[in-house]
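Asker: One structure is given below, represented as C-alpha cells, and several questions about it will come after.
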Amino acid sequence: MTDRLPHPLRSDALDNRERILDAARALFSTEGMDVPMREVARRAGVGPATLYRRFPTKQLLVAEAFADQLDACRAIVDEGCADPDPRRGLCLVIERICELHARDRGFTEAFLSAYPGVKDVAAGREYTVKAVAGLAQRAKETGHLRSDFVLDDLILVLMANKGIHAASADEQVKASRRFAALAIQALEACPRHASLPPAAHLTSAPPHGRPR
C-alpha cells in the first residue's frame, strides 16, 4: 500500500484531508469514478488548490479513498484461505466480499475496472484473484466446487452483486447476503439447498435515482 501519511499533519490539514476523502468516497459511490476533482473539492468544502496539494492526481485520491476497503478485502481472502476446509473458506470469501462491495459501490467500480493508474487497487484485485484461484482449486480437489468453475465466475458474481438496488443501505446488504447464498449454491458440485437469508426490498433504480 502507499505511504499514507509520510509526515505529521496539522489538525486543520488533517481535517481537510479527511473531509476530502469522505467527499471522494461519497461521490465515487453515487456518481462513479468519472466525477471531476473540482466536484470533490466543492463537496469537501475546500479549494481546488488544497485538494491538489494533498492529492496531486486522481489516481492517488482513489487509492487513498479505498485503502481501508482494500485492507478489508485482503483480510477476508487471507481468512478464507487459512480455513482448513476449502469449501467453508470459499463460502466465507464470497459472502464477505459481496457484502463489502455492497456497502461501497465506488470501491466495486474501482476494483472491477482496476481503475487506470491506481496500482494499489490493481494489485489488490490481482492478489484477491490469485488467492481465490488457489482456494477454488482446493475446493475442486475435495469435490465441493463444480469442476467447470473458472475465475471469471467470481468476477461475474461481483458484477451481478453490483447490480443490486435496494431501498436503503441496510436492505442493500441484506439483498447481497441472499444473492451470495444463491451464488454459492450455484457453484457447489452438489448443492445443499440450505435455507437462504431473508429477502430484501429491492428497487428498479440505483440509490438516489442516478443512472449508472
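The values are calculated or read from the model by the stated rules, or taken from the named source; none is laboratory data. What you see is a predicted model; the values in this text were computed from it and never measured. No Cβ is skipped: glycine too gets one built from the backbone with ideal geometry, and neighbour counts run over all protein chains shown. Remember, those area values only see protein heavy atoms, side chains included, never the ligands or the DNA or RNA. Shrake-Rupley method; radii C 1.70, N 1.55, O 1.52, S 1.80 Å.
Asker: Could you please find all residues in segment 64-75 being modelled with pLDDT of 95 or more and open to solvent by 70 Å² or more (accessible area, probe 1.4 Å)?
Answerer: Across segment 64-75, there are no qualifying residues.
Asker: Mind counting the residues in segment 161-186 that are over 18 Å from GLY106 (Cβ atoms) and touching a helix residue (DSSP H, G or I) at 6+ places or on another chain (Cβ under 7 Å)?
Answerer: So the count comes out to 5.
One line per residue, one yes/no per condition, for (1) of a type outside the set (Asp, Glu); (2) on the phi > 0 side of the Ramachandran plot; (3) at pLDDT 90 or above; (4) surrounded by 18 or more Cβ atoms within 10 Å (Cβ to Cβ):
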{"residue": "HIS7", "(1), (2), (3), (4)": "yes, no, no, no"}
{"residue": "MET33", "(1), (2), (3), (4)": "yes, no, no, no"}
{"residue": "VAL40", "(1), (2), (3), (4)": "yes, no, yes, yes"}
{"residue": "ARG53", "(1), (2), (3), (4)": "yes, no, yes, no"}
{"residue": "PRO86", "(1), (2), (3), (4)": "yes, no, yes, yes"}
{"residue": "LEU92", "(1), (2), (3), (4)": "yes, no, yes, yes"}
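Asker: What residue, among those in segment 149-175 that are open to solvent by less than 20 Å² (accessible area, probe 1.4 Å) and more than 16 Å from the chain's Cα centre (by Cα), is farthest from LEU90 (Cα to Cα)?
Answerer: That would be ALA166.
Asker: Could you go through segment 99-117 and let me know if any residue there is open to solvent by 30 Å² or more (accessible area, probe 1.4 Å), in contact (Cβ under 8 Å) with a residue 12 or more places away in the chain and among the polar types (S, T, N, Q).
Answerer: Yes, segment 99-117 contains a residue that is open to solvent by 30 Å² or more (accessible area, probe 1.4 Å), in contact (Cβ under 8 Å) with a residue 12 or more places away in the chain and among the polar types (S, T, N, Q).
Asker: Sticking with this structure for a sec: Mind listing whichever residues of segment 142-170 are in contact (Cβ under 8 Å) with a residue 40 or more places away in the chain and either closer than 23 Å to ASP78 by Cβ or assigned to a helix (DSSP H, G or I) (or both)?
Answerer: THR142, HIS144, LEU145, LEU154, ILE155, VAL157, LEU158, MET159, ASN161, LYS162, ALA169
Asker: Another one. For SER204, work out the one condition from (1) more than 20 Å from the chain's Cα centre (by Cα); (2) among the hydroxyl-bearing types (Ser, Thr, Tyr); (3) assigned to a helix (DSSP H, G or I) it doesn't fulfil.
Answerer: Exception for SER204: condition (3).
Asker: If only one of LEU21, LEU61 is in contact with an Asp or Glu (Cβ under 8 Å, 6 or more places away or on another chain), touching a residue at least 12 places away in the same chain (Cβ under 8 Å) and open to solvent by less than 10 Å² (accessible area, probe 1.4 Å), which one is it?
Answerer: LEU21
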